[in-house]
Structure formats: C-alpha cells, structure tokens
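The values are calculated or read from the model by the stated rules, or taken from the named source; none is laboratory data. Everything numeric in this text was worked out from a predicted model, so none of it was measured. Neighbour counts are summed over all protein chains in view; Cβ atoms, including those assigned to glycine, are modelled from backbone coordinates with ideal geometry. SASA here: full protein model, heavy atoms, side chains in, ligands and nucleic acids out. Shrake-Rupley method; radii C 1.70, N 1.55, O 1.52, S 1.80 Å.
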Amino acid sequence: MALVTDGPSSPEPLAPATRLVALGREPASPGAQVGAPLVLTSTYHADGAVSYGRGGNPTWSALEEALGSLEGGDALVLASGMAAVSAAFSLLPHGGTVVVPDAAYNGVMATVGDLEAEGAATVRRVDLTDTAAVVAALEGADLLWLESPTNPLLEVAEVATLAAAARERGVLTVVDNTFATPLLQRPLEDGADVVVHSVTKYLAGHSDVLLGAVVTAPTEAGRALHDRLHRYRRLRGAIAGPMESWLALRGMRTLHLRLERACASAVELARRLEGHPAVTRVRYPGFGAIVSIEVVGGADGAERVSAATRLWVHATSLGGVESLLERRKRQPDEPLKVPDELLRLSVGVEDVDDLWRDLAAALEHAAG
Ligand code: PLP
C-alpha cells in the first residue's frame, strides 16, 4: 500500500510499530473496509496477474507486505513453520553439505537427520556459540543453518560474523528468526540470505493458527532465491490458508505491544528465578520472552512443576499471549544436549506478579 510518508517528501521511514499496524491494508477509498481483505478463492478470472489459488492470494500478499517490510526483504507465507523450513532446505543441492547447530528446534534437527540418513546431505553439527568452530565447518559447505536464540537452550550466534564468513566461502546463510522476531533481530541486515519464521509463534501470537514464512533480501541474488522459493511453494503445494493468513496479520498488528510486555516480564522472571532454591540453572540471553530453567529432582521434578501450575499452561509451543511451560525432553526428537530437567517457559502477557506467584508455588510444590 502507499503510505503517507512514502515518496520524495517522506521525512522519515515509518517505525516498525507503525508498519505493523498500517501495512497490508487496501488503498483507502470511500466506503472500503479498513482492514486487509480475507479472500477465499481457488481460482481467479483469467488474464490477471495470478490465475490460480496456489500461485497467489491477496490475503497472503497483505501478510507478506507487513512481514517483508519488518524483516527488510521479500516474504513468502507457507503452511507452517516446518513448511518454511522445508522450503529453505530445498535450496540445499542434493548431496550438499549443511552446517547446523548441535541443538536447535527438534523439527529441524530431525529434518537434517533424515536428509543424512537418506544420503541426501552431509550434516556438520556445531556448537554455534563457538564462532571459530562454525567458521571452520563452513569450508566446502553449501548451507549454514542458524537459529538464534536456539530452541530451547537459548544459545546465541554471532549472526553478522558468521553470515560474512559464509558469504566469503559461497555458503548460503539461513536464519530461523522465530524466537527474536524482526523487532529484536533482522538477520537480512546482518548479511543472511534467507530468514525463516514459524509465524505460528510470536507473529500470529494467539496460539490459534499454524503458519510459516521465508524472507529473502531485496538484492539481485535475494530475488533469485525468492523466485526459487516461490516456485517451490507453487509446485510442492504447501500453501497457507487465507483464513490463517488473515488471523496472523491481525495478530501481528499488536506484535510490538505483546512482545514489549512479554520481554519485560521475562527479564523480571529470569531475575527472580535466579534466586529460587528449586532452580539449578536459568538460561536467559538478555532479550526475548523465552526463559529456560533446570530444576531440582531431574525429569520427575520438572514434570511435577509442569503439573502443578494453574495459570501457566502445560503445553508445547510458545509465543502466544498466554504463558506456557513444557519439559522439552518430552519431545521425541529433542537433541541430546538438552537436559532432562529443562523446562522451557514461554512468557505471555499476563501480570508478572501473578505469573511469579503461580510458578514459585509450583516450584515449591515440586521441590517437596
Ligand atoms: N522454528 C522454530 C524455532 C520453532 O520453535 C518451531 C516450532 O516450534 C518451528 C520452526 C516450526 O514451526 P511450526 O510449528 O509452525 O511448523
């Protein structure tokens, strides 16, 4: 859409908070709806830019406009975060070499494990906090997969340094930016080639839709990647539902408000958890709204905490308005490096003192 500050007279580019609210709307005209349209169609009248629903949809485009602008690139929405992960892995040549963290989202770890088992890829697993080791692993590789902060260990990569090292060696860099969101980290500006999102999490933000996206840089090389990913989406067919896209865009309108509250509460909860006798380790990278803790009593202790909260919801996933907690080793593909007694806390937007009282009571109960 054309915004009031676009064009030569624009004093300043709009701030992310404003773009979150304003992008993806239809051009203003008397009597038109204010919000983005929800377009439900499988086919279009002939001779337009798009002829069939697998090729494009105006509701996708609205969401892509907002997300692309925030990330500083061109976005493509897909059916889930894992559909976006698969689309990004389609850029790896058959038999190619991928460098991945030794612990990241279990769906990604399982995907590379399967590629390796099928002989479709060579996989190099690295400690992504060891920048020199990651750089060494890039020699002769095709793709560098970063997730920062990682799920659920919250390890942070030096994205700009690693993306530069990868570029020098002709290696593509993909960054899963689900945990940070484009409000806290913009990997394309740091030199990454592709950003991946589970839109399901913070962007949509209400635990009601599954959706994913890939975003590429607004450069010639980036546009070539975008074309390949667009073709992948159209031919593989892992397309987003228009309704889910519409809900995600509606959720994104308040991303800045939700994230601000959730991050402030995460900082405070991480601080209070540090002193708790039932907590042996707090992992918090200093930004974001996920806190991982290790608790006394091993896996059983962590399970007792999960079962004892009343306000915190015992459920997988993250990034919604409600606070969730889960012992991650419940998940079958969780990496070995993740401790059995680790609980991932996704801090929502409730009152922080209510969250603390509920969590502290559950921790005391579990410690017996
Ligand atoms: N990337 C990360 C970091 C995730 O945490 C997840 C899901 O938890 C995904 C990707 C996959 O997203 P989805 O569940 O939307 O397929």
Worksheet item: Are any of the residues in region 44-59 within 16 Å of the ligand (Cβ to nearest atom) and either free of Cβ contacts under 8 Å to residues at least 24 places away in the same chain or open to solvent by less than 10 Å² (accessible area, probe 1.4 Å) (or both)?
Response: no
Worksheet item: Quick check: anything in region 294-311 among the aliphatic types (A, V, I, L, M), within 16 Å of the ligand (Cβ to nearest atom), within 25 Å of residue 107 (Cβ to Cβ) and modelled with pLDDT of 95 or more?
Response: no
Worksheet item: Would you pick out the residues in region 58-103 that are under 19 Å from the mean Cα position of the chain (by Cα) and at positive phi?
Response: 72
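Here is a yes/no grid of residues against (1) touching a residue at least 60 places away in the same chain (Cβ under 8 Å); (2) in the same structural domain as residue 56 (by TED's automatic domain parsing); (3) of a type in the set (D, E, K, R):
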{"position": "177", "(1), (2), (3)": "yes, yes, no"}
{"position": "189", "(1), (2), (3)": "yes, yes, yes"}
{"position": "192", "(1), (2), (3)": "no, yes, no"}
{"position": "230", "(1), (2), (3)": "yes, yes, no"}
Worksheet, complete the sentence: Of the listed residues (67, 146, 115, 154), the one being surrounded by fewer than 21 Cβ atoms within 10 Å (Cβ to Cβ), in contact with a strand residue (DSSP E or B) (Cβ under 6 Å, 6 or more places away or on another chain) and under 30 Å from residue 21 (Cβ atoms) is 154
Worksheet, complete the sentence: Among the residues of region 96-153, the number that are small (Gly, Ala, Ser), within 16 Å of the ligand (Cβ to nearest atom) and in a helix (DSSP H, G or I) is 3
Practice prompt. Would you mind telling me which numbered condition in (1) open to solvent by less than 30 Å² (accessible area, probe 1.4 Å); (2) assigned by TED's automatic domain parsing to the domain that holds residue 24; (3) within 27 Å of residue 37 (Cα to Cα); (4) not acidic (Asp, Glu) residue 222 fails?
Written response: (3)
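This table checks each residue for (1) modelled with pLDDT of 95 or more; (2) away from the ligand (no atom under 16 Å from the Cβ); (3) closer than 24 Å to residue 328 by Cβ; (4) hydrophobic (A, V, I, L, M, F, W, C).
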residue: 158; (1), (2), (3), (4): yes, yes, no, no
residue: 162; (1), (2), (3), (4): yes, yes, no, yes
residue: 174; (1), (2), (3), (4): yes, no, yes, yes
residue: 177; (1), (2), (3), (4): yes, no, yes, no
residue: 182; (1), (2), (3), (4): yes, no, no, no
residue: 190; (1), (2), (3), (4): yes, yes, no, no
residue: 215; (1), (2), (3), (4): yes, no, no, yes
residue: 218; (1), (2), (3), (4): yes, yes, no, no
residue: 221; (1), (2), (3), (4): yes, yes, no, yes
Discussion item. Within region 329-346, does at least one residue satisfy the condition of being of a type in the set (S, T, N, Q), under 24 Å from the mean Cα position of the chain (by Cα) and assigned to a loop (DSSP other than H, G, I, E, B)?
Written reply: yes
Item to complete: Just give me the residues in region 344-359 being over 10 Å from residue 261 (Cβ atoms) and open to solvent by less than 30 Å² (accessible area, probe 1.4 Å), in sequence order.
Response: 344, 345, 346, 355, 358, 359
Worksheet, complete the sentence: Pairing a residue in region 66-83 that is within 12 Å of the ligand (Cβ to nearest atom) with any residue that is outside any strand (DSSP E or B) and of a type in the set (S, T, N, Q), where Cβ atoms lie under 8 Å and the two sit 6 or more apart in sequence or on different chains, gives 77/245; 80/200; 81/178; 81/200; 82/111
